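Read through the structure below, which is laid out as structure tokens, and then see the notes.
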Amino acid sequence: SMLPPPMEPMLRGTHLLQTIRVCYHVYLKTGSMPNKTTAKAALQQLVTSVFVRLERAIERTTMEEKMMGATLEKDRATDGTTTKGKDAKGNSPGPPVFPSNDHRDAYLVLRSLCKLSMQTKNHPNPPAASSGSDNANNSAALTAESKGPSDAQATVLPHPAANGDTDPALESRILALELLLHTLRHSSGPCILQAGPQFHYAIRQYLCVSLLKNTTSPDTTIVELSLRLFVPLIRHFRSLLKTEIEAFVTNVFFVILDSKNSTIQHKMLVVTLFDEICSDSTTLAEIFLNYDCDLSAVDLFQRIVNALGKVARMGLADATGSGTSSLQFVAGAGALRAEKTRQDHRDLRLAAMKALRQILASLHSSIVTPVTSGREDISVDEASLKLKKLIVNGEKAEDEEDSK
């Protein structure tokens with residue numbers, strides 16, 4: 001059912017961004033938890049309303065294009081001409097940068113949140129918009145920064161704010177990532193893909209670069225939010241970000257799993273990410289078709305399975321070998337730390353095994369196909385058995401004809 005046309009919003013463009021900035025400032029500076037909660041809720045409502053308006057604008061634009069196309073077809077059928085209004089002399093103005101003000105507001109909010117998610121102590125202000133001269137450099141940012149990162153990139157260092165003090169820049173990045181996750185998880189994921197090339201540019205140049213920087217952060221909360229953001233990214237934008245997804249998985253996630261300097265917590269987050277991605281049979285099948293079946297791409301599905309299998313076997317030699325007997329010589333806090341490390345490794349191996357089981361379950365659901373004849377579903381195994389029987393029966397029939 002069509003939604004009624006909304007009232008004209010009071011906040012547009014710069015005023016909208018200033019309102020978001022005020023709520024952001026209240027959230028970061030206030031010492032009152034109710035005020036902080038209210039500011040965060042206001043930010044979520046603001047961002048959600050912007051992208052709801054974007055969805056409605058896309059619906060209106062689609063309907064207007066259909067109506068305009070029908071009108072032009074009628075004019076052509078009547079006049080027998082192909083001119084479009086004022087295009088006969090070529091003096092009509094070109095299409096606007098954004099189809100509507102709602103598109104422009106959503107783009108500005110998305111870009112601002114991505115820049116805030118990359119904010120650091122050394123850069124307290126959001127970076128300026130990229131000029132046309134450096135667009136080529138920005139388009140290669142993801143691949144350039146993720147080309148074979150060293151273990152230092154995946155190394156988890158002590159938290160910079162481990163002394164208990166709250167880091168405003170860190171808190172700002174966490175809030176921006178939470179708002180981005182809230183945006184992509186609710187209503188605006190698919191609509192951004194249909195909103196036009198400006199949004200495709202923002203996803204590539206701002207969101208992907210932000211995730212690349214934040215997935216290698218020393219802070220576990222930022223890494224967790226970044227990995228959770230990757231799930232709607234690969235589900236809604238995998239047709240747009242084929243190269244970027246390959247770079248993320250091979251040069252960031254696999255490096256975190258393979259690096260000895262990565263903590264168990266970060267490895268657990270990556271394994272959980274693969275588990276959630278592989279829970280969708282459609283996404284898993286498209287990963288196999290778009291990468292493993294493409295001669296120019298890496299075997300992404302195979303490498304994910306191999307990486308999870310390697311994690312599932314991690315530390316088994318220590319758990320069954322001399323490590324157990326040496327535990328009796330450790331006493332006090334050392335014994336507790338050793339036992340906690342052993343338990344963490346067991347949990348990580350269990351999570352990897354659960355992810356492998358999820359892959360098998362998704363493959364099984366993809367293999368079982370409905371039959372259009374009205375009978376119950378038939379699996380590939382059953383179909384192969386029937387095919388073998390037909391082949392055997394055919395060979396027997398040929399032998400009988402030859403004997404005659």
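Condition check ((1) modelled with pLDDT under 80; (2) exposed (fewer than 10 other Cβ atoms within 10 Å of the Cβ); (3) more than 23 Å from the chain's Cα centre (by Cα)) across all residues:
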| position | (1), (2), (3) |
| --- | --- |
| Arg60 | no, no, yes |
| Glu65 | yes, no, yes |
| Leu72 | yes, no, yes |
| Gly80 | yes, yes, yes |
| Asp87 | yes, no, yes |
| Gly94 | yes, yes, yes |
| Asp102 | no, no, yes |
| Asp105 | no, no, no |
| Ser117 | no, no, no |
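For the stretch 247-282, how many residues meet the condition of being aliphatic (A, V, I, L, M), farther than 23 Å from Ser296 by Cα and open to solvent by 10 Å² or more (accessible area, probe 1.4 Å)?
The total comes to 3.
Which residue out of Glu244, Glu224 is over 20 Å from Asp347 (Cα atoms), of a type in the set (Asp, Glu) and open to solvent by 10 Å² or more (accessible area, probe 1.4 Å)? Write out each step before concluding.
Details: Glu224 fails: over 20 Å from Asp347 (Cα atoms).
Criteria check complete, one pass: Glu244.
Working only within the stretch 170-195, note down all residues that are assigned to a helix (DSSP H, G or I) and modelled with pLDDT under 85.
Step one: filter the stretch 170-195 for residues assigned to a helix (DSSP H, G or I), giving 170-185, 189-193.
Listed by number, the residues that qualify are Arg185, Gly189, Pro190, Cys191, Ile192, Leu193.
The rows are residues; the columns are (1) of a type in the set (Val, Ile, Thr); (2) modelled with pLDDT of 65 or more; (3) more than 40 Å from the chain's Cα centre (by Cα); (4) open to solvent by 90 Å² or more (accessible area, probe 1.4 Å).
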site	(1), (2), (3), (4)
Leu336	no, yes, no, yes
Asp347	no, yes, no, no
Lys354	no, yes, no, yes
Ser362	no, yes, no, no
Ala397	no, yes, yes, no
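Pairs only if they're at least six apart or on different chains, beta carbon under 6 angstrom, first in the stretch 202-225 and in contact (Cβ under 8 Å) with a residue 60 or more places away in the chain and farther than 11 Å from His266 by Cβ, second basic (Lys, Arg) and open to solvent by 20 Å² or more (accessible area, probe 1.4 Å); list them, first residue then second.
Between residues of the stretch 202-225 that are in contact (Cβ under 8 Å) with a residue 60 or more places away in the chain and farther than 11 Å from His266 by Cβ and residues that are basic (Lys, Arg) and open to solvent by 20 Å² or more (accessible area, probe 1.4 Å), the close pairs are Ala202/Arg111; Tyr206/Arg111.
Considering only residues that are under 23 Å from His186 (Cβ atoms) and without any contact (Cβ under 8 Å) to a residue 60 or more places away in the chain, look in the stretch 27-45 and name the one that is surrounded by the most Cβ atoms within 10 Å (Cβ to Cβ). Quick ask: steps written out before the conclusion?
Going through the stretch 27-45, the residues under 23 Å from His186 (Cβ atoms) turn out to be 27, 36-45.
Restricting the remaining residues to those that are without any contact (Cβ under 8 Å) to a residue 60 or more places away in the chain gives 36-39, 41-42, 45.
Values: Lys36: 17, Thr37: 12, Thr38: 15, Ala39: 21, Ala41: 12, Ala42: 16, Gln45: 11.
Checking each candidate, the answer is Ala39.
Give the stretch 227-241 a look and list any residue that's open to solvent by 20 Å² or more (accessible area, probe 1.4 Å) and either more than 13 Å from Thr283 (Cβ to Cβ) or modelled with pLDDT of 90 or more (or both), or say none.
Of all residues in the stretch 227-241, those open to solvent by 20 Å² or more (accessible area, probe 1.4 Å) come to 228, 235-236, 238-240.
Listed by number, the residues that qualify are Arg228, Leu240.
Among the helices (runs of 4 or more DSSP H) confined wholly to the stretch 235-310, which include 1 or more residues that are out of contact with any helix residue (DSSP H, G or I) (no Cβ under 9 Å at 6 or more places or on another chain)? Write out each step before concluding.
Working: elements: 242-248, 254-258, 264-278, 281-287.
Hits in the stretch 235-310: 281-287.
Yes or no: Phe274 among the aromatic types (Phe, Trp, Tyr) and under 14 Å from Ile359 (Cβ atoms)? Write out each step before concluding.
Details: among the aromatic types (Phe, Trp, Tyr): yes; under 14 Å from Ile359 (Cβ atoms): yes.
Considered against the rule, which asks whether it is among the aromatic types (Phe, Trp, Tyr) and under 14 Å from Ile359 (Cβ atoms), Phe274 comes out as yes.
Which one of Gln198, Gln153, Gln205 is open to solvent by 30 Å² or more (accessible area, probe 1.4 Å) and at pLDDT 80 or above? First the steps, then the outcome.
Working: Gln153 fails: at pLDDT 80 or above; Gln205 fails: open to solvent by 30 Å² or more (accessible area, probe 1.4 Å).
Being open to solvent by 30 Å² or more (accessible area, probe 1.4 Å) and at pLDDT 80 or above holds for just one of Gln198, Gln153, Gln205, which is Gln198.
The values are calculated or read from the model by the stated rules, or taken from the named source; none is laboratory data. The structure displayed is predicted, hence computed values, not measured ones. Please note: Cβ atoms are built from the backbone with ideal geometry, for glycine as well, and neighbour counts cover all protein chains shown. The area values use the complete protein model at the heavy-atom level, side chains included, leaving out ligands, DNA and RNA. Shrake-Rupley method; radii C 1.70, N 1.55, O 1.52, S 1.80 Å.
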